[in-house]
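Novice: Take this structure first; my questions come after.
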Amino acid sequence: MLAGMTANVVFGLLRAAVLVAALRAANGEIADYGIAATNTYVWIGQGLLGFILLWGTNELAERVRSGDVVVDLYRPWHLQSALLAQDLGRGGYAFLTRLAPPMAFGMLLFPFQFPADAVQWPLFLVSAVIALVISFACRFLIDVSAFWLVDNRGLYGFWNVTSGLLCGLTVPVAFFPGWAREVLWMTPFPALMQSPIDVFLGHGDPLRTLLHQVFWAVALLAAGHLALQRAVRKVVVQGG
Amino acid sequence: MIEVRELRREFKVATSKGLRRNYKTVTAVDGVTFDVAAGEAVGYVGPNGAGKSTTIKMLTGILVPTSGHIRVGDVDPSKQRRDLAKRIGVVFGQRSQLWWDLPLQDSFDLLRSIYRVSAEDYRRRLDECVELLGLREFLTTPVRQLSLGQRMRGEITAALLHAPELLVLDEPTIGLDLESKERLREFLADINTRRGTTLLLTTHDLDDIERLCPRLMVIDHGRVLADGPLEELRAEVTPDRELVIDLREPGPAPDVPGVTAVRSEANGLRHHLTFRRAETTAAQLITQVVRQVEVHDLAVVEPEIDDVIRKLYQRQLDQDVRR
């Protein structure tokens with residue numbers, strides 16, 4: 001846990017340094033991001049990364065591959081809901097150990113842009129939880145693909161490489177050219193990370209941001225539910 | 001409890017040849033029909049790939065049959081999988097339903113919540129299993145540190161916490177030492193007779209069957225080869241029994257009517273007399289033998305259950321060839 005926190009903070013320092021250097025070169029502001037907003041963006045992003053678990057463990061896919069998933073399937077539960085509950089529980093722990101520390105670090109030691117309106121705090125929390133649900137739903141879909149692909153590590157690798165860039169972790173989505181921004185906001189990616197940060201910084205209409213998130217959370221969970229149902233009907237459970 | 005009619009399940013198996021990918025259909029279960037009454041204990045045996053696990057996956061609702069009819073406790077398993085799951089327990093000898101990193105006790109607590117067992121029932125059932133299976137000393141040990149024998153006892157407890165009407169065991173004694181096996185069998189026999197829990201178990205260890213299951217079903221290539229009490233199958237398939245006598249002094253084998261073959265060893269100290277089950281009883285034979293020679297010791301040997309099953313397979317092969 002401590003090692004994870006240290007690595008997280010070190011990467012935060014690197015990202016803040018690079019982005020602030022870029023800002024200085026661009027006369028102190030890019031697309032609504034000044035020095036304080038940028039530092040805030042970096043430290044919230046560092047915290048959200050562990051909280052939403054953008055890069056998961058592929059555990060379910062491994063269980064599909066080995067056939068151990070039969071044990072998950074014969075329990076009297078809805079597998080997707082059960083795993084979501086488990087992930088929310090993990091989120092509760094990660095809130096204390098992964099989200100709060102880097103944010104506190106940023107607040108104490110860097111120029112930090114606090115919300116102008118107190119209501120942004122609870123909205124940020126709601127948005128972060130929806131982001132976690134979306135992250136879960138995406139990981140679940142990738143996991144379920146193992147029923148067809150058997151070995152889905154390629155897909156997982158692809159997700160790990162692209163999701164960080166597209167969700168606004170590497171640079172804020174606002175830094176993308178206009179056409180790319182429009183395309184990105186039609187996908188669930190910004191809802192994973194950029195949305196809660198926007199809500200916190202007061203960028204854009206928070207209700208619209210939240211609605212976009214809710215839409216994707218519902219759509220992706222529904223897709224996962226259908227995919228699992230189909231997988232169970234059509235697909236072989238591995239092993240004797 | 002279980003009602004299965006003309007059950008079939010086919011799989012598509014990919015056969016790659018260069019870049020072309022073809023599919024061939026493999027029938028894992030091919031028209032299986034049987035019933036299991038509540039309270040029965042049935043052994044389901046067959047070689048690897050015979051279709052045992054596939055049948056079990058269909059009975060538990062994890063796999064959807066290609067065709068045929070299944071009812072388990074009046075429920076269609078694949079349609080009402082969650083309702084059924086509350087009423088049956090499943091133990092896969094080669095898989096674990098416990099949480100690898102949690103103490104055994106925590107796994108049980110989680111299962112209590114998943115199956116929504118009342119605190120009182122849970123306490124009572126868990127205490128009983130802890131007592132009978134001797135779990136107390138490792139109840140707080142993480143599952144990953146348990147020995148296989150300890151873990152299997154944990155697995156069986158986990159499957160019984162919701163007091164299932166049917167307990168399905170897929171190779172429950174695989175890899176266990178003799179003592180652990182015996183302990184498990186004793187416990188399973190006890191819950192079968194005392195609680196009336198229906199047992200269906202697949203196994204390669206025929207002692208499990210001998211010890212636990214009055215009824216045996218033999219399956220191969222997806223078809224039921226034989227179904228009935230072990231004793232009947234034994235009588236039908238292997239009509240011969242053997243009387244082994246040890247003489248006080250080396251000598252020729254006694255000449256007794258009803259004996260079809262004699263094999264001697266240890267310079268005439270020991271003789272194996274083969275006789276027909278249907279024609280002669282062991283008692284008749286023994287009376288005759290002790291009249292003729294001075295016997296030091298004797299024993300009646302039943303054919304091993306392995307022999308029974310091997311002969312059943314052989315018979316099926318012969319039939320297939322003739323057809």
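Every number in this text was worked out from the coordinates using simple rules, so none of it is lab data. Just so it is clear, the structure is predicted and the values come from calculations on it, not from any experiment. All Cβ positions, even for glycine, are placed from backbone atoms using ideal geometry, and neighbour counts span all protein chains on display.
Novice: Rounded to the nearest 5, what is the percent of antiparallel bridges among the DSSP beta bridges in the protein assembly as shown?
Specialist: Bridges in the protein assembly as shown are about 70 percent antiparallel.
Novice: Comparing B:S96, B:S180, B:S264, which has the greatest mean-square fluctuation in the GNM of chain B with Cα pairs linked when under 10 Å apart?
Specialist: Judging by the Gaussian network model, the answer is B:S264.
Novice: Distance in nm between label sites at B:L317 and B:Q94, each 7 Å beyond Cα in the beta-carbon direction?
Specialist: 2.3 nm
Novice: Using only helices, what value at 222 nm comes out for chain B when you add -39,500 (n - 2.57) per DSSP H run of length 4 or more and divide by the total residues, to the nearest 500 deg cm²/dmol?
Specialist: My calculation for chain B gives -10500 deg cm²/dmol from helical runs alone.
Novice: Go ahead and run the numbers for FRET between B:A38 and B:T287, Cβ-Cβ distance against an R0 of 45 Å, rounding to 0.05.
Specialist: With a Förster radius of 45 Å, E is 0.55.
Novice: Moving on to the next point. Need one value for B:54-66: mean number of C-beta atoms belonging to other chains within 10 Å of its residues' C-beta atoms.
Specialist: That average works out to 3.
Novice: Based on the Cβ-Cβ distance of B:A189 and A:L149, what FRET efficiency does E = 1/(1 + (r/R0)^6) give at R0 = 45 Å, to the nearest 0.05?
Specialist: Calculated transfer efficiency: 0.55.
Novice: In the protein assembly as shown, with Lys and Arg counted as +1 and Asp and Glu as -1 at Cβ, which of these residues, B:T260, A:A85, B:I309, has the Cα nearest the positive end of the dipole, that is, farthest along it?
Specialist: A:A85
Novice: Rounded to the nearest 0.05, what FRET efficiency do A:D72 and B:E236 have when you use their Cβ-Cβ distance and R0 = 30 Å?
Specialist: Result of the calculation: an efficiency of 0.10.
Novice: With each pseudo-label sitting 7 Å past Cα toward Cβ, what's the A:W121-B:H296 distance in nm, one decimal?
Specialist: Spacing of the two 7 Å Cα→Cβ label points: 9.4 nm.
Novice: Further question on the same structure: Please tell me the relative contact order of chain B in percent, rounded to the nearest whole number, where contacts are Cα pairs under 8 Å and at least six residues apart.
Specialist: Relative CO of chain B lands at 18 percent.
Novice: Measuring from centroid to centroid over Cα atoms, what is the spacing of the stretch B:56-76 and the stretch B:164-226 in Å?
Specialist: 20 Å
Novice: Let me ask you something else. Over the whole of B:109-121, what's the average partner chain Cβ count within 10 Å per residue? Rounded to a whole number, please.
Specialist: 1
Novice: Compute the relative contact order of chain A as a whole-number percentage, counting only Cα pairs closer than 8 Å that sit 6 or more residues apart in sequence.
Specialist: 28 percent
Novice: Describe numerically, in nm with one decimal, the distance between label points set 7 Å from Cα along Cα→Cβ at B:R116 and at B:D307.
Specialist: 5.4 nm
Novice: Mind pulling the angle between the C-alpha long axis of helix B:282-292 and the longest principal axis of chain B? Nearest 10 degrees, somewhere in 0 to 90.
Specialist: With rounding to tens, the tilt is 30 degrees.
Novice: Want the number for B:A278 to B:T140: 0.36 nm per residue separation, take away the alpha-carbon distance, what's left?
Specialist: Net length gain for the segment: 44.1 nm.
Novice: Given the options B:V262, B:V237, B:V168, which has the most mean-square fluctuation in a GNM of chain B, springs set between C-alpha atoms less than 10 angstrom apart?
Specialist: It is B:V262.
Novice: Treating only the Cβ of Lys, Arg, Asp and Glu as charged (+1, +1, -1, -1), what charge dipole size does the protein assembly as shown show about its Cα centre? Round to the nearest 20 debye.
Specialist: Dipole magnitude for the protein assembly as shown comes out near 1940 debye.
Novice: Show me the helices of chain A, taken as full DSSP H stretches, that run 30 Å or more along their long axis by Cα and average 1.6 or above in Kyte-Doolittle hydropathy.
Specialist: A:2-25, A:120-144
Novice: While we're looking at this one, here's another question. Could you go through the stretch B:55-71 in sequence order and give the Karplus-derived ³J(HN,Hα) for each residue, using 6.51 cos²θ - 1.76 cosθ + 1.60 with θ = phi - 60°, rounded to whole Hz, and x for Gly and Pro?
Specialist: For the stretch B:55-71, the Karplus-derived couplings read 4, 5, 5, 6, 5, 8, x, 7, 10, 9, x, 5, 7, x, 10, 10, 10 Hz, x marking Gly and Pro.
Novice: While we're here: For the Cα atoms of chain B, what angle does the longest principal axis make with the long axis of helix B:104-115, in degrees from 0 to 90, nearest 10?
Specialist: 70 degrees
Novice: Roughly how tilted is helix B:178-190, in degrees to the nearest 10 and between 0 and 90, from the longest Cα axis of chain B?
Specialist: 70 degrees
Novice: For Cα pairs less than 8 Å apart in space and 6+ apart in sequence, what is the mean separation divided by the residue count of the stretch B:177-253, i.e. the relative contact order in percent?
Specialist: 16 percent
Novice: Something else about it: Separation of the stretch A:78-141 and the stretch A:147-215 by C-alpha centroid, Å?
Specialist: 15 Å
Novice: Now for a separate question. Rounded, prolate or oblate: which one fits the stretch B:180-251, using the alpha carbon gyration tensor with axes a ≥ b ≥ c (rounded when a/c is under 1.5, else prolate when a/b beats b/c, else oblate)?
Specialist: The shape class here is oblate.
Novice: Then there's this: Of all beta bridges DSSP finds with both residues in the stretch B:164-283, what is the antiparallel percent, to the nearest 5?
Specialist: Taking every DSSP beta bridge within the stretch B:164-283, about 80 percent pair in antiparallel fashion.
Novice: Which of B:G196, B:Y44, B:V75 sits closest to the plus end of the dipole of chain B, meaning its Cα is farthest towards the positive end, when Lys and Arg get +1 and Asp and Glu get -1 on the C-beta?
Specialist: B:V75
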